[in-house]
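Here's the structure, in structure tokens; my notes come after.
The values are calculated or read from the model by the stated rules, or taken from the named source; none is laboratory data. Bear in mind that the values here come from a model prediction, so they are computed numbers and not experimental data. Here the Cβ is made from the backbone with ideal geometry for all residues, glycine too, and neighbour counts use every protein chain on show.
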Amino acid sequence: MEKSDEKQLDPEGVEQVRTKLLSWYDKNRRDLPWRRERDPYKIWVSEVMLQQTRVDTVIPYYERFMQRFPTLKDLASAPEEEVIKAWEGLGYYSRVRNLHAAVREVAESYGGKVPDDREAMSRLKGVGPYTVGAVLSIAYNQRVPAVDGNVMRVFSRIYAIEEDITKAATRRRMEALAMDLIPEDRPGDFNQALMELGALICSPSSPACDRCPLVRECRAYEQGRVKDFPVKRKGKAPLPVSVVFGWVVDGEGRMLLERRPDKGLLAGMWGLPTVERRKDDSPQRILERYFAEKGFPIEPGPVLGHVEHVFSHRRWQAVVVSGRASDATRSLPPGWRWVAEEELDFLALPKVYEKALSAVKDPVQLELGLEVEN
């Protein structure tokens, strides 16, 4: 942040931002289910769901999740498979695994009460500075900054901050700026107002400056450079990876599923047996060798379809190959199971495998649309 920005934060300027923003928020805030209460558990769940997911998408998931796990103790005592199934479709499954682990720690170590201490909450698994700030300010009325992508975009434009927002130092500066602005009496509302302004008015590509309550305070607008902010370095394109999915069935029509490793991409989730295609071998030969190495030989069949799917850092280009177990009575390797089609409704399958199922059932859909997932 340039030194000239400090001049913007004189007491009168701070009070102008607070008054204008909160007045706008009171009149324009959306009626969202997690804003109707102050339960720190429910606010926590909503904030985790909202990470990298649109509000309109989150609302029905949040409502169903709360019906199934209305209290922190309900979530803490639930089996992981059931929790992941309730999350199915939201993607980025590491979020719900971390949430589940952290909630269990709260149940065991804090008597089921979400900590109201900044350091204590920061130690919970998967809980970063933004989540801490959101929960403590909204649920406990504490002056703690909650700086997400929306807030960084708003600050970048109002104060014409030239620093790259992907850098940790820039985030820390913006958290310090937020602390100067957050009022004593309405910290939670102020944090939410900043987020709401970024979501509804100060959007990435088409900001509605004519409707912004802070347009007179906005240095980027004054300079005619709104779309130059925020400054952000371009990320690397997802790395293309060729993989083979095995559609292996037994004599009863059951499908073979494999549980992914506990760490890495789609950690711990069920899916079709998957192997990277590192050489020029045919997908059938690659799948046959993979099963042989696992001690469970199969007879590979024809290719059933192709699926492409984008994760945050990987682009899977998958070939779905059919197969039949040479001896379905043979003991399965650890982490594998036979599943009847009707059982799939009770398992949380990542979207990439749902695409594969759709591609096989509907050969017209061999190339499906891309969706980002982690």
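Things worth noting here:
- Of all residues in the stretch 144-167, those that are surrounded by fewer than 18 Cβ atoms within 10 Å (Cβ to Cβ), in a loop (DSSP other than H, G, I, E, B) and either hydroxyl-bearing (Ser, Thr, Tyr) or touching a residue at least 24 places away in the same chain (Cβ under 8 Å) (or both) total 3.
- Lone qualifier among Ala325, Ala292, Ala359 - being surrounded by 19 or more Cβ atoms within 10 Å (Cβ to Cβ) and at pLDDT 85 or above: Ala325
- Scan of the stretch 264-292 for residues that are aromatic (Phe, Trp, Tyr) and either outside any helix (DSSP H, G or I) or under 25 Å from the mean Cα position of the chain (by Cα) (or both), ordered by number: Trp270
- On inspection, Ile138 fails the criterion of being more than 17 Å from Ile43 (Cβ to Cβ), of a type in the set (A, V, I, L, M) and touching a helix residue (DSSP H, G or I) at 6+ places or on another chain (Cβ under 6 Å).
- Taken over the stretch 230-258, residues that are surrounded by 12 or more Cβ atoms within 10 Å (Cβ to Cβ) and either out of contact with any Lys or Arg (no Cβ under 8 Å at 6 or more places or on another chain) or without any contact (Cβ under 8 Å) to a residue 24 or more places away in the chain (or both) amount to 8.
- Within the stretch 259-317, considering residues that are of a type in the set (Phe, Trp, Tyr) and in contact (Cβ under 8 Å) with a residue 60 or more places away in the chain, the one nearest to Phe245 (Cα to Cα): Trp316
- Of everything in the stretch 211-229 that is among the acidic types (Asp, Glu) and free of Cβ contacts under 8 Å to residues at least 40 places away in the same chain, the residue that is farthest from Trp338 (Cα to Cα) is Glu222.
- For Asp262: the one exception among (1) within 23 Å of Ala340 (Cα to Cα); (2) in contact with a Gly (Cβ under 7 Å, 6 or more places away or on another chain): (1)
- For the stretch 105-132, the set of residues classified as crowded, with 17+ Cβ neighbours inside 10 Å and either closer than 22 Å to Arg64 by Cα or of a type in the set (A, V, I, L, M, F, W, C) (or both) consists of Val106, Ala107, Val114, Met121, Leu124, Val127, Thr131, Val132, listed by residue number.
- Entirely in the stretch 25-142, the helices (runs of 4 or more DSSP H) that have 3 or more residues that are touching a residue at least 12 places away in the same chain (Cβ under 8 Å): 40-50, 55-68, 72-77, 80-87, 94-109, 129-140
- Condition check for Thr170: buried (at least 19 other Cβ atoms within 10 Å of the Cβ), under 21 Å from Asp56 (Cα atoms) and hydroxyl-bearing (Ser, Thr, Tyr): no
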